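Structure, as structure tokens:
The values are calculated or read from the model by the stated rules, or taken from the named source; none is laboratory data. Everything numeric here is computed off the predicted structure, so don't read it as measured data. Every residue, glycine among them, receives a Cβ derived from its backbone with ideal geometry; neighbour counts consider all protein chains shown. Quick note on the areas: whole protein, heavy atoms, side chains included, nothing else; ligands and nucleic acids left out. Shrake-Rupley method; radii C 1.70, N 1.55, O 1.52, S 1.80 Å.
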Amino acid sequence: MTAPENTTQPASGGLPPGETPGVDSPADEPPKTPPGAAMSRAAGRTRLAAMAAFLIVGLSYASFLIRVPSLKVEHELSAGQLGLLLVVPSVSALIAMQLAGGLVARYGSAPIARVTGVALPLSLVGLALADDPIQLAVALVIFGLIDGLLDVSMNAHAIAVERALKRPVMNRCHAAWSIGAMAASVLGGLAIQAGLSPMTHFLWLGVAVALLALVTGLWMLPASADRHANQEGEKKVRVKWRDGWTPRVLMFGAMGAIILIVEGAVGNWSGVFLLEDRGATLAVASLGYTFFNLCQTAGRLVGDRLHERYGAPALVRVSGGIALCGLLMVVASPGIAVAIAGFAVVGIGLSVLLPLIFSAVGHGGAEGLGAAAALARFTTLTYSGLLLGPVLVGWFAEMVGLAATFAGLLVLLALVVLNARATGTADRRDVPQETREK
């Protein structure tokens, strides 16, 4: 499948034929900005705005996670109580995702993303203000609800940007999330090292990130870019909770869940595997996830170019094959260095898979309901992998060992590669929304 060709600007930069810059223009008339350059800057701001929403989520969520030990100590929580509280934002986010499709269809993705982009970092302050576990649970519910709405709306807006620019941006958006998470981890570590309280940390970070959201929100596409405008006499768009659960969305949801199960297995269990199965020290054991994360981010930074050049199905097959090779290195090698390299290779392979599937879902639509409805259903299924993955991996590891469990993930990941052809809708950025799959 051939990726859409890039639109090029005239070599003259938009000047009339025969006019030479600086020669034919009157001396008293200021030089005009070439239309091509203006369009390029506008496109650049649009891409940055889409990426900024993902950066904001990465910054906010990782800032919360790095302060979990502090919250545990402050509220004197047991391990079981903490585990239950950590599930709260994930569950509330999944609930909010069921509402997001209808909200985006009615109001457009940009307004929802602007409001929630400001609200999410500020909601961190509520976590610090909680005086007891019940108040903390309420704050986590609010945090999760906002996160769920922003997650769907920012992915829907990235789809709208891809349609408007007729080029992929989803990989760079997901790379921005990873960069935000890494930056928040560093900043959070410095805040803890400096002795800052969670309140001070969350307040300063929340205000700064909210200001970033306000500025970049002005660069987003207008609401009409993906809002379902109603003709005179038509009923208002209403997306019911049962709408959009098509076989195609279910298939993509299963593929996304598998990818997040593999990512979660690496994130939660790579260190344990290197420590207990390969005999690494604690310091060395942490390198598995570190290199995985770095390679995943690097892969996403170049993923859009690869997508344009080779198309989604081919890229899914090759990237999935690379991830399979990396997992095979982890399982088959008895050495520590090769296992760490294997986790890095898995990061490279997995880097583009989820963004490509997001694009395939968004550009494919769901029964005429548009990208947001399809993404809301898809995201619900996919993120269930984050909830179930660590538990399932733990159960199987206890029964058959981590090495055998990682080997079992090879089979699941192979299913994603075998369904690579279905991701061809990620290349349909030039197809009008109303003509998409129904």
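Worth a mention:
- Value of D in µm² per second that Stokes-Einstein yields for region 263-375, Kirkwood Rh from Cα pairs, at 25 °C (0.890 mPa s): 164
- Karplus 3J(HN,Hα) series, Hz, for region 333-348 with 6.51 cos²θ - 1.76 cosθ + 1.60 (x for Gly, Pro): 8, x, x, 5, 4, 5, 5, 5, 4, x, 5, 5, 5, 4, x, 4
- Taking all Cα-Cα distances within region 256-304, those exceeding 13 Å account for 60%.
- Fully extending the segment from MET251 to TRP204, taken as 0.36 nm per residue of separation minus the present Cα-Cα distance, adds 12.7 nm.
- Potential lengthening of the chain between ASP132 and SER224 amounts to 28.8 nm, from the contour at 0.36 nm per residue minus the alpha-carbon distance.
- With all pairs of separate Cα atoms included, region 330-404 yields a Kirkwood hydrodynamic radius of 15.0 Å.
- Two-site label geometry, VAL272 and VAL411: point separation in nm, points 7 Å out along Cα→Cβ: 2.1
- Close amide H contacts of ALA280 (hydrogens built in the peptide plane, cut-off under 5 Å, sequence separation of 5 or more or a different chain): LEU275.
- Inter-label distance, THR290 to VAL87: 3.3 nm, where each label sits 7 Å from its Cα along the C-beta direction.
- Think of region 262-332 as having a plus end and a minus end, set by charges on the Cβ of Lys, Arg, Asp and Glu; of LEU328, VAL318, VAL266, VAL318 sits farthest toward the positive end of this dipole.
- Shape summary of region 121-197, radius of gyration then Dmax from alpha carbon positions: 16.5, 50 Å.
- Accessible surface of ILE336, taken over heavy atoms with a 1.4 Å probe and every protein chain present, rounds to 50 Å².
- Label positions at ALA404 and ALA283, each projected 7 Å from the Cα along the C-beta direction, are separated by 3.5 nm.
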